[in-house]
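K.L.:
Got a structure for you, questions after.
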Amino acid sequence: MKIALLGYGKMGKVIERIALERGHEIVVRKSSSDDYTGLENADVAIDFSVPDAAVANITECLNSGIPIVSGTTGWLEDYHKMENLCKEKNAAFIYGSNFSLGVNLFFELNDYLAKMMSKFNQYNVSMEEIHHIQKLDKPSGTAISLANGIINNTKYNDWSIENPTAEEVFIDVKRIDSVPGTHSIFYTSEVDTIEIKHTAHNRDGFALGSIIAAEWLIGKKGVFTMRDVLNLK
């Protein structure tokens, strides 16, 4: 598989290492420029760039007929535009707020727990997310996905990172040194707390999941998620 890396920072370099270990070839390593030279030689693109570059990267790939996997967060106000463009071009696209296999199982656990807890009004829900200090978006895309899982299954209708109302899920955002990513959900009553938590030990899990998604995406048409890749539906 020939891969275009759109974003060649810390994550891009981890993806490169694991992709090469799995027998793939890197044909494009794009950092900050708008130069897409060599993209036409790729079987698939993996985008771990920055919010300001993600839409341009995804657009270029969809217009060029290159399947693309994007793990960049912080640009989702344009997600439906990219979804529509993918359908218009009969292309292939996967966006994931987190490609870690463990996190995607955690998403399923979060949904299941939210459905169960929706019957018990004595519990209030809150969240905590911790990332390294270079993380640009607050809260993380993973935290937003988890919050939406709660919102879709409970009385809550939104989330907030400060001064939440009774109908909002509070997300406590912390940026600490080199933490790869820790997400916790708490259901708290006057007598006890139920907690579920996912802790990433390094970036390898995110990178591996994105490569597995890219391997799966080749030859397909449409807009997909990691639930499709992992057959969790």
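FYI, it's all coordinate maths here, none of it is from the lab. Being a predicted model, the structure only gives us computed values, none of them experimental. So basically every Cβ, Gly included, is an ideal-geometry build from the backbone, and we count neighbours across all protein chains shown.
K.L.:
Run through all the Cα pairs of segment 1-93 and give the fraction in each 10 Å bin from 0, expressed as whole percent.
P.N.:
18, 53, 27, 2
K.L.:
Additional query: Helix 79-88 versus the longest principal axis of the chain: what angle, 0 to 90°, nearest 10, using Cα atoms?
P.N.:
Between helix and principal axis, roughly 40 degrees.
K.L.:
Can I ask one more? From the backbone phi of segment 13-26, what are the Karplus-calculated ³J(HN,Hα) couplings (6.51 cos²θ - 1.76 cosθ + 1.60, θ = phi - 60°) in whole Hz, Gly and Pro given as x?
P.N.:
6, 5, 4, 4, 4, 6, 4, 5, 4, 8, x, 8, 10, 9
K.L.:
Taking the Cβ of Glu168 as the center, what net charge do the other residues with Cβ under 12 Å away carry, scoring Lys and Arg +1 and Asp and Glu -1?
P.N.:
With Lys, Arg at +1 and Asp, Glu at -1, the neighbours total -2.
K.L.:
When N is the residue count of segment 150-228, what does its C-alpha Rg come to as a fraction of 2.2 N^0.38 Å?
P.N.:
Here the answer is 1.49, to two decimals.
K.L.:
Averaged across orientations, what area in nm² does the convex hull of the alpha carbons in segment 49-165 project?
P.N.:
Taking a quarter of the hull surface, the average projection is 8.6 nm².
K.L.:
How far is helix 101-117 tilted off the main Cα axis of the chain, in degrees rounded to 10, range 0 to 90?
P.N.:
Between the helix axis and the principal axis of the chain, the angle is about 30 degrees.
K.L.:
Over the Cα atoms of segment 120-192, how large are the radius of gyration and the largest Cα-Cα distance (Dmax), in Å?
P.N.:
Reported Rg and Dmax, both Å: 12.6, 38.
K.L.:
What pairs from Lys138/Lys220; Lys10/Lys81; Lys115/Lys174; Lys89/Lys197 go past 30 Å between their alpha carbons?
P.N.:
Lys138/Lys220; Lys89/Lys197
K.L.:
Tilt of helix 204-217 relative to the longest C-alpha principal axis of the chain, in degrees (0 to 90, nearest 10)?
P.N.:
Computed tilt is about 60 degrees.
K.L.:
Provide the packing ranking of 74-80, 141-147, 57-63, i.e. peptides ordered by the mean count of other C-beta atoms within 10 Å per residue, highest first.
P.N.:
Final packing ranking: 141-147, 57-63, 74-80.
K.L.:
For Gly222, which sequence-distant residues (separation of 5 or more, or a different chain) have an amide H within less than 5 Å of its own amide H, given hydrogens modelled in the peptide plane?
P.N.:
Result for Gly222 returns Ala91, Ala92, Phe93.
K.L.:
For a quick check: with amide H placed at 1.01 Å from N, whose amide H comes under 5 Å from Arg29's, ignoring anything fewer than 5 positions away on the same chain?
P.N.:
Leu5
K.L.:
Something else about it: Quick one: check the C-alpha center-to-center distance for segment 200-233 versus segment 123-180, whole angstrom.
P.N.:
Between the Cα centres of segment 200-233 and segment 123-180 lies a distance of 23 Å.
K.L.:
Here's something else I'd like to know. When the Karplus curve 6.51 cos²θ - 1.76 cosθ + 1.60 is applied with θ = phi - 60°, which whole-Hz ³J(HN,Hα) does each residue of segment 29-38 get, with x for Gly and Pro?
P.N.:
With the stated coefficients, segment 29-38 comes to 10, 10, 9, 9, 7, 9, 8, 9, 4, x Hz.
K.L.:
Which value in deg cm²/dmol, rounded to the nearest 500, describes the helix-derived mean residue ellipticity at 222 nm for the chain, given -39,500 (n - 2.57) per DSSP H run of n ≥ 4 and division by the residue count?
P.N.:
The helix contribution divided over the chain gives -11000 deg cm²/dmol.
K.L.:
From largest to smallest, what semi-axes in whole angstrom does the chain give when each is the square root of 5 times an eigenvalue of its alpha carbon gyration tensor?
P.N.:
Result for the chain: semi-axes of 33, 18, 16 Å.
K.L.:
Considering all projection directions equally, how large on average is the shadow of the alpha-carbon convex hull of segment 11-61, in square nanometres?
P.N.:
So the mean shadow area of the Cα hull is 3.5 nm².
K.L.:
Moving on to the next point. Could you tell me the distance between the Cα centroids of segment 1-36 and segment 51-118, to the nearest Å?
P.N.:
Their Cα centres are 18 Å away from one another.
K.L.:
Okay, moving on. Near the amide H of Val44, under 5 Å away, which other amide H atoms are found, from residues 5 or more places off or on another chain, if H is placed in the peptide plane?
P.N.:
Long-range HN contacts for Val44: Lys2, Ala4.
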